[in-house]
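Note sheet for the following structure.
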Amino acid sequence: MYDDSADGIEGMITVEGGKFTTSRSLAKEVLNMVARKLNKTLSDPVSDNLYLSGCEIRDMRQFMIRQHLNYTDFSKHTIEYVSRNYGTDSKVIFQIARDNPRYAEVVSHDGEIMAEIVYAIKYESAKTLKDIMLRRTGTGTLGNPGKEITGKIAAIAAEMLNWDSKRIEEEIASVMKVYKMF
């Protein structure tokens with residue numbers, strides 16, 4: 001967060017680099033700065049004690065026990081990975097995989113499954129292969145998952161986002177460019 005009045009731009013505050021996990025804290029800092037600038041007093045926040053989506057878990061140990069009991073048709077790695085990364089929203093991912101066995105395919109050593117790709121597009125508004133693989137899921141964050149997995153992920157995205165073959169090639173090239181940089 002930066003108060004641009006230091007550079008002669010009064011009334012402008014630049015905020016960048018916010019993350020989902022720290023957004024409340026960042027928003028509070030920004031509002032406090034705005035309140036000081038306007039010489040106003042803020043009311044108490046209403047969202048301080050509200051859960052973020054997927055985080056409605058009071059006891060993680062009990063949650064994980066229930067997950068392992070409810071999803072015995074998935075590997076332990078998949079249950080652990082999906083449950084810890086999506087929390088209570090993991091039920092949607094497991095249901096996607098149960099509804100279509102194609103989406104139950106494991107695509108990483110961590111236990112990630114193709115249903116996460118569907119979830120990223122359908123529920124998180126992912127529109128590009130880079131967004132899907134490098135931001136919304138972990139499928140590409142630990143290095144290049146290889147042509148086969150990348151192709152399968154691109155194929156699902158193409159079906160859901162109506163990409164033609166040219167767009168598929170462009171999306172794959174865009175992801176591969178990231179790996180070539182390193």
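Things worth noting here:
- Reported count of residues in the stretch 125-156, each being more than 21 Å from Asp110 (Cα to Cα) and not basic (Lys, Arg), is 4.
- Cβ separations smaller than 8 Å between residues 6+ apart or across chains give the following pairs from the stretch 24-53 residues that are within 26 Å of Glu10 (Cα to Cα) and β-branched (Val, Ile, Thr) to residues that are part of a helix (DSSP H, G or I) and modelled with pLDDT of 85 or more: Thr41/Ala35.
- Residues that are out of contact with any Ser or Thr (no Cβ under 8 Å at 6 or more places or on another chain) and within 16 Å of Val82 (Cβ to Cβ), drawn from the stretch 120-151: Lys122, Tyr123, Glu124, Arg136, Thr137, Thr141
- Conditions (1) outside any loop (DSSP other than H, G, I, E, B); (2) closer than 27 Å to Arg136 by Cβ; (3) at pLDDT 85 or above; (4) of a type in the set (S, T, N, Q); number of the one not met by Gln62: (2)
- Listed conditions (1) part of a helix (DSSP H, G or I); (2) loosely packed, with under 12 Cβ neighbours inside 10 Å are all met by Ile153, apart from (2).
- Within the stretch 21-64, the set of residues being surrounded by 11 or more Cβ atoms within 10 Å (Cβ to Cβ), within 30 Å of Phe94 (Cβ to Cβ) and among the charged types (D, E, K, R) comprises Arg24, Glu56.
- Top-ranked residue in the stretch 77-125 [being closer than 15 Å to Thr137 by Cα and among the acidic types (Asp, Glu); ranked as surrounded by the most Cβ atoms within 10 Å (Cβ to Cβ)]: Glu116
- Test for Val178: is it part of a helix (DSSP H, G or I), of a type outside the set (Phe, Trp, Tyr) and at pLDDT below 95: yes
- From the list Glu112, Glu124, Glu105, Glu116, the lone residue that is touching a Phe, Trp or Tyr at 6+ places or on another chain (Cβ under 7 Å) and under 27 Å from Gln67 (Cα atoms) is Glu112.
- Count of the stretch 148-182 residues which are of a type in the set (D, E, K, R) and within 17 Å of Glu112 (Cβ to Cβ): 2
Per-residue answers, yes or no, for (1) of a type in the set (S, T, N, Q); (2) at pLDDT 95 or above; (3) not assigned by TED's automatic domain parsing to the domain that holds Ile96:
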{"residue": "Asp110", "(1), (2), (3)": "no, no, no"}
{"residue": "Ile117", "(1), (2), (3)": "no, yes, no"}
{"residue": "Tyr123", "(1), (2), (3)": "no, yes, no"}
{"residue": "Leu129", "(1), (2), (3)": "no, yes, no"}
{"residue": "Arg136", "(1), (2), (3)": "no, no, no"}
{"residue": "Thr141", "(1), (2), (3)": "yes, no, no"}
{"residue": "Gly151", "(1), (2), (3)": "no, yes, no"}
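The values are calculated or read from the model by the stated rules, or taken from the named source; none is laboratory data. Only a predicted model underlies this, so the values are computations on that prediction, with no experimental measurement involved. So basically every Cβ, Gly included, is an ideal-geometry build from the backbone, and we count neighbours across all protein chains shown.
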